[in-house]
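Asks: Quick one: structure below, then a few questions.
The values are calculated or read from the model by the stated rules, or taken from the named source; none is laboratory data. Predicted model only: the values in this text are computed from it and were never measured. A quick note on method: Cβ atoms are made from the backbone with ideal geometry, for glycine too, and the neighbour counts reach across all protein chains shown.
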Amino acid sequence: MHDAIISGYLGKRKTTEKLLQRFYWFELREDVRIWIAKCEVCGANKPPSKTARAPLGSMPTGAPWDRLATDIMGPFPVTPRGEQTKWDKHLGCLAGAYRATTNESTTLTPKPMLLGREIRLPHEILKGGIPLTHIKENSSNYGEHVQNLRNSLQKAHKVARAHLQVNAKRRKDYYDKKSNLTIFEVNDKVWCMLGNKKGISPKLQALFTGPCLITRKFNDINYEIQVDESGLRKVVNHDKLKQYNGENIPKWIKTLVKKK
């Protein structure tokens with residue numbers, strides 16, 4: 001009624017309805033649920049009833065340049081100067097505009113955290129370099145200037161960290177409302193989500209491969225798994241895994257589990 005060639009691997013509700021047209025026994029619905037949970041074809045091709053979603057993690061930083069992020073774009077059409085698009089003529093201006101803009105998370109512009117003072121805009125330079133900082137640039141000696149600069153940087157970093165912590169908590173609380181975390185352990189059998197293969201319709205491809213074996217647990221979000229008997233291992237995120245409930249455990253998995 002479920003995995004026969006004329007049954008179509010229907011879900012729990014439709015399989016139950018088909019059975020009830022002809023049969024009935026005690027805890028029929030529970031038996032259907034267990035049978036479908038163990039089905040190899042459904043496990044490889046159907047997403048979980050509730051999408052896996054680990055709680056939002058954190059990547060704490062302590063100072064500027066601790067962590068870098070880069071966006072890669074292109075290809076762009078080539079300009080007469082041999083560059084790509086006209087922005088190559090204005091890149092410095094664009095960078096200057098960004099560096100003078102307040103960051104939403106830190107509430108500061110990048111300059112105070114890197115240089116200890118705000119950037120001076122062109123009209124301020126023309127008016128004699130109007131200072132935008134409390135640092136005394138006409139300090140009597142280098143030592144005093146260095147100390148003033150150090151104090152300014154420390155203050156900027158303190159303010160930025162305080163605002164980053166508040167914003168990080170707010171975003172985590174919002175993200176975690178939809179989290180669905182499954183705790184896996186070493187030697188657990190799991191399905192691992194596959195990427196789409198080019199040239200084949202996604203609907204004709206299996207969503208998962210498995211069973212795979214969890215060989216190492218870094219934390220509740222990241223795991224190392226062995227994919228097959230060749231020994232291929234890779235690190236995967238929790239959101240790409242789901243519990244394997246089938247009974248067709250490959251021999252190589254049984255062997256590895258016994259060794260441990």
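Asks: Which of the residues spanning region 43-80 are over 17 Å from residue 168 (Cβ atoms), among the aliphatic types (A, V, I, L, M) and touching a helix residue (DSSP H, G or I) at 6+ places or on another chain (Cβ under 9 Å)?
Replies: 52, the sole residue that qualifies.
Asks: Given (1) part of a helix (DSSP H, G or I); (2) loosely packed, with under 13 Cβ neighbours inside 10 Å, where does residue 168 come up short, assuming only one miss?
Replies: Of the numbered conditions (1) part of a helix (DSSP H, G or I); (2) loosely packed, with under 13 Cβ neighbours inside 10 Å, the odd one out for residue 168 is (2).
Asks: While we're on this one: Identify all residues within region 1-16 that are at pLDDT 85 or above and surrounded by 11 or more Cβ atoms within 10 Å (Cβ to Cβ); write none if there are none.
Replies: Passing the criteria: 9, 10, 11, 12, 14, 15, 16.
Asks: I've got another one for you. Say whether the condition of being farther than 30 Å from residue 31 by Cβ and not in a helix (DSSP H, G or I) is met by at least one residue in region 172-192.
Replies: yes
Asks: Also, quick follow-up: Is there any pair linking a residue in region 58-82 that is farther than 25 Å from residue 165 by Cβ to one that is in a loop (DSSP other than H, G, I, E, B) and modelled with pLDDT under 80, with Cβ under 8 Å and at least six apart or on different chains, and which?
Replies: Sorted first by the residue in region 58-82, then by its partner, the pairs are 76/85; 77/85; 79/85.
Asks: Within region 202-244, track down each residue that is under 18 Å from residue 44 (Cα atoms), in contact with a Gly (Cβ under 7 Å, 6 or more places away or on another chain) and in a loop (DSSP other than H, G, I, E, B).
Replies: 244
Asks: Of the numbered conditions (1) within 25 Å of residue 192 (Cα to Cα); (2) not in a helix (DSSP H, G or I), residue 26 satisfies every one except a single condition; which is it?
Replies: It is condition (1) that residue 26 fails.
Yes or no, residue by residue, for (1) of a type in the set (Phe, Trp, Tyr); (2) over 29 Å from the mean Cα position of the chain (by Cα); (3) modelled with pLDDT of 75 or more; (4) surrounded by 11 or more Cβ atoms within 10 Å (Cβ to Cβ):
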{"position": "99", "(1), (2), (3), (4)": "no, no, yes, yes"}
{"position": "105", "(1), (2), (3), (4)": "no, no, yes, yes"}
{"position": "110", "(1), (2), (3), (4)": "no, no, yes, yes"}
{"position": "113", "(1), (2), (3), (4)": "no, no, yes, yes"}
{"position": "117", "(1), (2), (3), (4)": "no, yes, yes, yes"}
{"position": "120", "(1), (2), (3), (4)": "no, yes, yes, yes"}
{"position": "126", "(1), (2), (3), (4)": "no, yes, yes, no"}
{"position": "133", "(1), (2), (3), (4)": "no, yes, no, yes"}
{"position": "136", "(1), (2), (3), (4)": "no, yes, no, yes"}
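Asks: How many residues does region 54-83 contain that are modelled with pLDDT under 80 and of a type in the set (D, E, K, R)?
Replies: Count: 2.
Asks: Further question on the same structure: Which one is surrounded by the fewest Cβ atoms within 10 Å (Cβ to Cβ) among residues in region 194-225 that are of a type in the set (D, E, K, R) and within 28 Å of residue 258 (Cβ to Cβ)?
Replies: Filtering first and then ranking leaves 216.
Asks: Under 24 Å from residue 239 (Cα atoms), in contact (Cβ under 8 Å) with a residue 40 or more places away in the chain, outside the structural domain of residue 206 (by TED's automatic domain parsing) and hydroxyl-bearing (Ser, Thr, Tyr) - does that describe any residue in region 39-57?
Replies: Looking through region 39-57, at least one residue is under 24 Å from residue 239 (Cα atoms), in contact (Cβ under 8 Å) with a residue 40 or more places away in the chain, outside the structural domain of residue 206 (by TED's automatic domain parsing) and hydroxyl-bearing (Ser, Thr, Tyr).
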